[in-house]
Structures are given as C-alpha cells and as structure tokens.
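Chemist: Here it is, the structure in full.
The values are calculated or read from the model by the stated rules, or taken from the named source; none is laboratory data. If you're wondering where the values come from, they're calculated on a predicted model, not measured in any experiment. So basically every Cβ, Gly included, is an ideal-geometry build from the backbone, and we count neighbours across all protein chains shown.
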Ligand SMILES: [Mn+2]
C-alpha cells in the first residue's frame with residue numbers, strides 16, 4: 001500500500017486532533033469549545049506544515065444539495081484562513097459527520113477522507129483515520145454505517161424537509177454519550193481495545209509503524225508488538241488533546 005501523502009519536515013510540524021463534536025451538548029458549551037479550537041489553530045498556524053482533523057468534527061452534519069447546517073462560522077473561517085495561507089487541512093469524516101459532501105471542499109478548501117489513509121512523515125509510515133468500524137466486533141455499528149453510507153438511503157433521507165430530518169437526527173444523537181454526559185471512557189485492556197487489535201494486525205502486515213486514530217474518546221499511546229505505536233487522540237469535550245509531529249518525532253499534549 002503506497003502512502004497517499006508524503007511529508008518531509010524541517011522546521012515546521014504536522015498537527016493532529018480529533019472529536020471536537022461541535023454542536024454538543026448545547027450551543028453555549030459548543031461555542032466555548034469552538035473558541036478554544038480557534039485559539040489552538042491560531043497558535044499553531046505559524047508552525048504548521050499541515051493539519052489533520054480526524055473526524056467527529058461536528059456532532060451532527062448533513063449536507064443537502066443547496067443547504068448545510070447553521071453554525072460553526074468561526075471554526076470554518078479559521079480553516080479557510082489556514083488553507084488560504086497555503087497550509088493544507090485534511091478532514092476525515094467520523095461516525096457523527098459522515099454526511100459531508102463537497103461543500104467544505106469547495107467553500108473552505110479542505111480535503112476530505114472517508115476512510116483511513118497511509119501517510120509518510122520523514123520516511124515513517126503512519127496510518128491516520130477516525131477509527132470507526134475498524135477491528136473486530138461492533139457489528140451493530142458496522143451495519144448502521146452500511147445503511148448511512150448507502151446512496152439510496154441518503155437520497156430518501158434528503159427528500160425530508162431539513163426541519164424534520166434534523167429533528168430525527170437530534171433524537172438519535174440525544175442518546176449518544178456526549179449528550180448524556182456518559183463519556184467517562186476507561187481503558188478496557190489490550191485485547192478489548194478494537195483499534196489496538198486493528199493496529200497490531202496492520203503492523204504485522206507492514207502497513208505502517210504508527211497508527212493515529214480518534215473515535216475512542218480516550219487518549220492512548222500504546223506500544224505495538226513490533227515496536228510501532230497506536231496513538232488515540234481522545235476528544236475535545238473535556239481534554240483537548242492534540243498531537244504534533246516535528247523533525248524529532250511526535251508528542252501529545254492538552255491545549256490549555
Ligand atoms: Mn466521537
């Protein structure tokens with residue numbers, strides 16, 4: 001599998017973050033988080049060679065042909081500022097925002113990925129993605145994803161008036177872990193962490209040495225059997241973790 005993007009770093013860095021869940025749990029708290037994300041992006045802009053945002057950027061996003069959800073203007077403008085200044089932004093869809101189409105590509109100038117990709121940073125192979133539906137188990141979600149990504153199902157859903165469609169979507173997202181504040185994720189042990197098992201498997205197949213995902217809402221940095229690493233970026237609802245990759249390797253910190 002050839003790397004899709006190749007970076008060679010000297011003075012600049014590549015930044016990664018995931019799971020902003022803008023829109024949740026309510027407008028007020030989402031706005032505070034949006035401001036923090038904008039401050040983070042302002043701070044990294046002078047040093048950034050590229051920015052990767054690994055999915056669940058929005059707690060809910062659905063694009064019609066002529067309509068997109070309201071909100072997130074400051075965040076979207078900040079992304080536009082990055083791309084306008086020549087810094088590429090790579091946006092991955094997550095399980096909460098897999099209905100992104102071409103609006104953000106055309107309007108903001110980001111690249112959108114719907115599945116993990118392999119990149120190369122200073123000759124190291126790195127797999128990057130949201131992480132939903134990978135590894136063993138999670139059959140209920142894998143089935144739902146096949147429905148959600150089905151073109152006919154999307155066409156039918158798009159026939160609903162947005163007021164009704166977004167109401168239905170909010171009913172289901174109200175049960176999600178952020179809305180119910182049950183996002184105190186705990187480590188389950190190596191053999192029960194699906195993304196660890198996935199990374200271990202792909203490491204054995206020599207796909208990559210480093211694996212960076214989100215989705216789990218828990219920051220992890222685990223050694224793999226052959227010396228690679230599985231890094232999970234956690235989320236921005238409580239912790240605000242981000243990863244920076246410089247010439248000397250990567251480090252993860254929490255944005256203050
Ligand atoms: Mn998430």
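Chemist: From 73, 87, 112, which residue is farther than 17 Å from residue 166 by Cβ, within 11 Å of the chain's Cα centre (by Cα) and either at pLDDT 95 or above or away from the ligand (no atom under 16 Å from the Cβ) (or both)?
Modeler: The conditions single out 112.
Chemist: Suppose the filter is farther than 22 Å from residue 212 by Cβ and surrounded by 19 or more Cβ atoms within 10 Å (Cβ to Cβ); does residue 30 pass it?
Modeler: yes
Chemist: Hey, another quick one. Restricted to the stretch 45-56, and to residues that are outside any loop (DSSP other than H, G, I, E, B) and under 18 Å from residue 91 (Cα atoms), which residue is nearest to the ligand (Cβ to nearest atom)?
Modeler: In this case the residue turns out to be 53.
Chemist: Pairs only if they're at least six apart or on different chains, beta carbon under 7 angstrom, first in the stretch 35-60 and closer than 26 Å to residue 133 by Cα, second within 12 Å of the ligand (Cβ to nearest atom) and in a helix (DSSP H, G or I); list them, first residue then second.
Modeler: Close Cβ pairs satisfying both conditions: 59/173; 60/173.
Chemist: Let me ask another. Specify which of the listed residues (59, 42) is within 16 Å of the ligand (Cβ to nearest atom) and either under 15 Å from residue 17 (Cβ atoms) or modelled with pLDDT under 95 (or both).
Modeler: Only one candidate passes the filter, namely 59.
Chemist: Hey, any hits in the stretch 117-126 for a residue that's free of Cβ contacts under 8 Å to residues at least 60 places away in the same chain, closer than 21 Å to residue 215 by Cβ and either within 16 Å of the ligand (Cβ to nearest atom) or out of contact with any helix residue (DSSP H, G or I) (no Cβ under 6 Å at 6 or more places or on another chain) (or both)?
Modeler: no
So that you can scan it fast, the table gives a plain yes or no per residue for (1) buried (at least 19 other Cβ atoms within 10 Å of the Cβ); (2) closer than 20 Å to residue 218 by Cα:
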position	(1), (2)
20	yes, yes
48	yes, no
96	yes, yes
114	no, no
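Chemist: I would also like to ask the following. Just checking, does the stretch 178-198 include any residue being modelled with pLDDT of 90 or more, closer than 18 Å to residue 237 by Cβ, crowded, with 16+ Cβ neighbours inside 10 Å and out of contact with any helix residue (DSSP H, G or I) (no Cβ under 8 Å at 6 or more places or on another chain)?
Modeler: There is no residue in the stretch 178-198 that is modelled with pLDDT of 90 or more, closer than 18 Å to residue 237 by Cβ, crowded, with 16+ Cβ neighbours inside 10 Å and out of contact with any helix residue (DSSP H, G or I) (no Cβ under 8 Å at 6 or more places or on another chain).
Chemist: Is at least one residue of the stretch 137-144 in contact with a helix residue (DSSP H, G or I) (Cβ under 6 Å, 6 or more places away or on another chain), in contact (Cβ under 8 Å) with a residue 40 or more places away in the chain and either more than 24 Å from residue 203 (Cβ to Cβ) or within 16 Å of the ligand (Cβ to nearest atom) (or both)?
Modeler: Scanning the stretch 137-144, I find no residue that is in contact with a helix residue (DSSP H, G or I) (Cβ under 6 Å, 6 or more places away or on another chain), in contact (Cβ under 8 Å) with a residue 40 or more places away in the chain and either more than 24 Å from residue 203 (Cβ to Cβ) or within 16 Å of the ligand (Cβ to nearest atom) (or both), so the answer is no.
Chemist: Inside the stretch 187-251, counting only strands (runs of 3 or more DSSP E) that do not spill past its ends, which hold 1 or more residues that are free of Cβ contacts under 8 Å to residues at least 24 places away in the same chain?
Modeler: Answer list for the stretch 187-251: 219-223, 229-233.
Chemist: I'm trying to understand the selection: among the residues of the stretch 9-33, which are part of a helix (DSSP H, G or I), under 18 Å from residue 256 (Cβ atoms) and within 16 Å of the ligand (Cβ to nearest atom)?
Modeler: Selection gives 29, 33.
Chemist: Inside the stretch 220-242, can you point out the residues that are crowded, with 19+ Cβ neighbours inside 10 Å and within 24 Å of residue 21 (Cα to Cα)?
Modeler: Passing the criteria: 230, 231, 232, 233, 234, 235, 236, 237, 241, 242.
Chemist: For the stretch 98-112, how many residues are at positive phi and crowded, with 19+ Cβ neighbours inside 10 Å?
Modeler: Here the count works out to 0.
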